[in-house]
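Data first, discussion second: the structure below is written as structure tokens.
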Amino acid sequence: MSQTSSFKSGYASIVGRPNVGKSTLLNRLVAQKVAATSNRPQTTRNKITGVLHLPDAQIILVDTPGIHSSKRALNEMMVQASLSTYADVDLILVLIDAVEGFRDEDEFVLKSMQHTTAPKILVINKIDLVEKPKLLSLIAEAHDKSVFKEIIPVSALKDDGMEPLKELIIGYLPEGPEYFPKDMITDCTESFLLAEIIREKVLSLTRLEVPHSVAVVVGGMEEQDNGVVRIDATLYTEKASQKKILIGQGGSMLKSIGRIARIEIEKRLGAKVYLKIFVKVKSNWRDQKQAIKEFVYPYDSL
């Protein structure tokens, strides 16, 4: 389909420290759930693309893992996944939490992009949780940093400020073609998206160290003769004690994870699903680069 010369398209990376609402913002802008969300930091482990189709523009959003300082191999690779987007995008959306303001971790994010030439927009998220004087003070502090081309307050959760943000993004995109067809909202594989749904349920139902120690790999997906889609998935965790928690007494936890994941997967696929989940132990996998590539970045060149 040919476009007029006024059609704009390009890439915008969503970056910030952990737990400022990057995945929620991506899902809200795309108006569909692409990225897993939870109230736990470091939910996102991969770069996740969401495509926003507008009459006069196509915005390709790249959600990234939270940028933070860590010596753990998984965390280092997550941060590298974020930093690798800087050179490939037309625009960087820097998210901060309106409640917490600029913290040391936010300064770490800004330092990581000090040699990046792409224009930066500061998105102050969660404004529904602060009073106006605090917000105005935060905006003034952001202006003083002389880093951002624009500053915009939003609430991704409450769908506040999304239209002005879209217009702002379009203003910084070059003229270009439709990179993705209109029915495509992500370039992530189906197996990756299904694994993320399952992992999100682990995050919501377990606590302490367990959710962060879990990787999910979807090993097979096959439509059977009766129309039911069989999906095999494996939860990898680091310790036998964590495996025990994930299975639960009499298999109760695993059943709960499977049940709520299956409901969401059925909505996504529009078909009945038989979800079979296995749990395996891979000791200290988060410190083993080969295991991380296999479990978390199978399609990435990290």
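Is it fair to say Tyr179 is aromatic (Phe, Trp, Tyr) and either surrounded by 19 or more Cβ atoms within 10 Å (Cβ to Cβ) or at pLDDT 95 or above (or both)?
no
Answer yes or no: is there a residue in the stretch 187-202 that is surrounded by 15 or more Cβ atoms within 10 Å (Cβ to Cβ) and more than 30 Å from Tyr11 (Cα to Cα).
So far as the stretch 187-202 goes, yes, one or more of its residues are surrounded by 15 or more Cβ atoms within 10 Å (Cβ to Cβ) and more than 30 Å from Tyr11 (Cα to Cα).
Condition check: at pLDDT 95 or above, crowded, with 17+ Cβ neighbours inside 10 Å and either closer than 24 Å to Lys8 by Cβ or not assigned by TED's automatic domain parsing to the domain that holds Ile59 (or both). Does Leu173 satisfy that?
Yes: the conditions hold for Leu173.
Taking interchain pairs and intrachain pairs at least six residues apart, which have beta carbon atoms under 9 angstrom, with the first residue in the stretch 140-164 and more than 18 Å from Lys22 (Cβ to Cβ) and the second β-branched (Val, Ile, Thr) and in a loop (DSSP other than H, G, I, E, B)?
Every condition considered, the pairs that remain are Pro164/Val154.
Working carefully through the options Ile257, Ile263, find the one that is surrounded by 13 or more Cβ atoms within 10 Å (Cβ to Cβ), in contact (Cβ under 8 Å) with a residue 40 or more places away in the chain and of a type outside the set (Asp, Glu).
After ruling out the rest, the residue left standing is Ile257.
Exactly one condition in (1) modelled with pLDDT of 90 or more; (2) part of a loop (DSSP other than H, G, I, E, B) is not met by Leu208; state its number.
(1)
Does Glu131 satisfy being of a type outside the set (Lys, Arg), touching a residue at least 40 places away in the same chain (Cβ under 8 Å), farther than 22 Å from Ser23 by Cβ and loosely packed, with under 14 Cβ neighbours inside 10 Å?
No, not satisfied.
Please go through the stretch 211-237 and give me each residue that is among the charged types (D, E, K, R) and in a strand (DSSP E or B), ordered by number.
The answer is Glu222, Glu223, Arg230, Asp232.
Residue pairs, Cβ under 8 Å, 6 or more apart or interchain, first in the stretch 180-209 and more than 19 Å from Thr64 (Cα to Cα) and assigned by TED's automatic domain parsing to the domain that holds Arg230, second modelled with pLDDT under 85 and part of a loop (DSSP other than H, G, I, E, B). List them.
Every condition considered, the pairs that remain are Val202/Val210; Ser204/Ser38.
Out of curiosity, is Ala140 assigned to a loop (DSSP other than H, G, I, E, B), among the hydrophobic types (A, V, I, L, M, F, W, C) and either on the phi < 0 side of the Ramachandran plot or crowded, with 18+ Cβ neighbours inside 10 Å (or both)?
Spelling it out, it is not the case that Ala140 is assigned to a loop (DSSP other than H, G, I, E, B), among the hydrophobic types (A, V, I, L, M, F, W, C) and either on the phi < 0 side of the Ramachandran plot or crowded, with 18+ Cβ neighbours inside 10 Å (or both).
Only one of these is in a loop (DSSP other than H, G, I, E, B) and within 22 Å of Ile185 (Cα to Cα): Ala261, Ala271. Name it.
Every option except Ala271 fails the conditions.
Given Val51, Val79, Val62, Val123, which one is at pLDDT 95 or above and either acidic (Asp, Glu) or under 30 Å from Ser9 (Cβ atoms) (or both)?
Exactly one of Val51, Val79, Val62, Val123 is at pLDDT 95 or above and either acidic (Asp, Glu) or under 30 Å from Ser9 (Cβ atoms) (or both), namely Val123.
Out of curiosity, is Val273 of a type in the set (Val, Ile, Thr), within 20 Å of Phe295 (Cβ to Cβ), outside the structural domain of Lys33 (by TED's automatic domain parsing) and surrounded by 13 or more Cβ atoms within 10 Å (Cβ to Cβ)?
It is false that Val273 is of a type in the set (Val, Ile, Thr), within 20 Å of Phe295 (Cβ to Cβ), outside the structural domain of Lys33 (by TED's automatic domain parsing) and surrounded by 13 or more Cβ atoms within 10 Å (Cβ to Cβ).
The values are calculated or read from the model by the stated rules, or taken from the named source; none is laboratory data. Quick caveat, the model's predicted, so the values are computed rather than measured. Ideal geometry is used to build each Cβ from the backbone, glycine not excepted, and the neighbour counts take in all protein chains shown.
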